[in-house]
Structures are given as C-alpha cells and as structure tokens.
Amino acid sequence: APAYDIFNGDGRLALAPDRFRLHALDVQRAADRIAELSGIGDRDEVALAAILHDIGRPVLARLHPGYAERFDRRSATPDERIAAERRELGIDHALVGGVLTRRWGVHARVAEAIERHHTHQAEGVAAVLRFADMVAAHLEDCPVSTQDLVESAQHCGLDEHAVRLILYELPQAKATRRRATGPCPLSSRELDVLRRLAEGKVYKQIAAELDLSASTVRSHLHNVYGKLGALDRAQAVLMATEQGWI
C-alpha cells in the first residue's frame, strides 16, 4: 500500500492521512481493551483487524470525488454514515475493506471481521471492531448514541458498566498490554501464582485464593524462578511482564 507523509497531503488519498491514521490507532487501543475484557479473539488478529478496519475508505475516496466531505465522521453516527454509503454508492467501505484485505492475503478471519464490523448482528472480532469504532468516535467527539454503544457492547458480552469503564480509561492513555514475544515456559498454575505475586499479595493470600497450601505456592514460585532464571520475585514479575505473559 502507498505511504503518505503525515504533514504533506496527497490528492491520491483524498482523506487527511494523519486523521485516518489516528482513528485507526484509537480503534486499535479500544479493541485491545474490549478483547481483554470480553475474552474474544486472538490479540494479534484483533490488532490487525482494528488497524485495517477502515482501509476501504481511501479506496472509495479515490473512486468517488467528494467522498471525504460527504461521509465525514463528524457529520453523522457510524451507522448513519454506512447507510448513506450503501444508499448513495451502492457499496460501503467495510465490504471494500474485506475484499481488499483478502486480495492482500490477510487471514480470512481478519478480512471477515473488517467486512462485517458495521453489521448490527456482528459476532466475534467483528463485534469487537464495531464496539471499538463507536468508542473511538465518542472519544473523537463524533456523533454516536449511548444506545448504540451499549448494544454493541452487549454483542461482546459486556454490560453498561464495562462501557463506562472503557470510556473512562482510554483517554488517560493507559498502556495496552504487551503481546507475548515468545512461548511461555510456565504452567497455567505457575502463571496464576505469579500474577497474584505481581499484585503484591503474600503467600497466604495466594494460597487462599487458589485453594492451595502456602508450601505449594512456594514450590510453584521456586519452579518459576528456575524456569525464568530469576533471582527473586521482583525479577520474575518484571521478566514475565516484559514478555507479555502476565
């Protein structure tokens, strides 16, 4: 795909390059948090789908003069804009994005999520993208209804409390979780113990929460230190966090 300078506009794109980029990043951050809370999707697939979710827009902008002004994000809600595209152009940017990413050889699950992310009954990663797109629109001060936000969250298995949490957290630029950089050598139980250790809990608290004895917790942590080559709990937590395992 062509690259565009952030500060210098390019008539071939017909959209403001940096505004387009920043919206994609807003959606990616929101989608990552939504996927974390809902347990939906592979993190790398969600991240890629989020970055590419609007890739059909520059295609339509090149094909239809005036597209950027007619379907500007600040002029209508996401659902209103997609309906106007279908009505006026006979196609929409989500469908174009699905076709384009398939031609690029992007995984079928990602392409399908992009294609369906404006569908009311979207499921899986497509539902995550739909909710994330609305969250980004809200944060960018674009029109979006509270009812649409809550309904899209429900398709991700999340309630109104989760919507409030996400809308509150994201403007504060909370760091997103790191994706794992390699296979984790720790067992699921060892990770459970290490996560609680990272939260500042002592052996007795961890043992009570996991229904284990304190000596078993110590044994698990001894194994963790050995597998990671860590000298103490602080180093073990740091190493596991840097690798994206906890």
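The values are calculated or read from the model by the stated rules, or taken from the named source; none is laboratory data. Predicted, not measured: the structure shown is a model, and the values here were computed from it. Neighbour counts are summed over all protein chains in view; Cβ atoms, including those assigned to glycine, are modelled from backbone coordinates with ideal geometry. Calculation scope for accessible area: heavy atoms of the full protein, side chains included, ligands and nucleic acids excluded. Shrake-Rupley method; radii C 1.70, N 1.55, O 1.52, S 1.80 Å.
A few points about this structure:
- Here region 55-83 is the region considered, the condition is being part of a loop (DSSP other than H, G, I, E, B) and open to solvent by 50 Å² or more (accessible area, probe 1.4 Å), and the residue that is farthest from Arg116 (Cα to Cα) is Pro65.
- Any hit, region 86-96, residues being crowded, with 19+ Cβ neighbours inside 10 Å, closer than 21 Å to Val46 by Cβ and of a type in the set (Asp, Glu): no
- Screening Val193 against (1) crowded, with 20+ Cβ neighbours inside 10 Å; (2) hydrophobic (A, V, I, L, M, F, W, C); (3) farther than 22 Å from Met239 by Cβ leaves a single unmet condition, (3).
- The set of residues from region 98-135 being assigned to a loop (DSSP other than H, G, I, E, B) and charged (D, E, K, R) comprises just one member, Glu123.
- Residue selected from region 97-116 under the condition free of Cβ contacts under 8 Å to residues at least 60 places away in the same chain and of a type in the set (D, E, K, R), by the criterion surrounded by the most Cβ atoms within 10 Å (Cβ to Cβ): Glu115
For every residue, the table says whether it meets (1) basic (Lys, Arg); (2) more than 30 Å from Pro78 (Cβ to Cβ); (3) at pLDDT 90 or above.
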| residue | (1), (2), (3) |
| --- | --- |
| Ala122 | no, no, yes |
| Val125 | no, no, yes |
| Gln147 | no, no, yes |
| Gln154 | no, no, yes |
| Gly157 | no, no, yes |
| Pro183 | no, yes, no |
| Ser187 | no, yes, yes |
| Glu199 | no, yes, no |
| Leu210 | no, yes, yes |
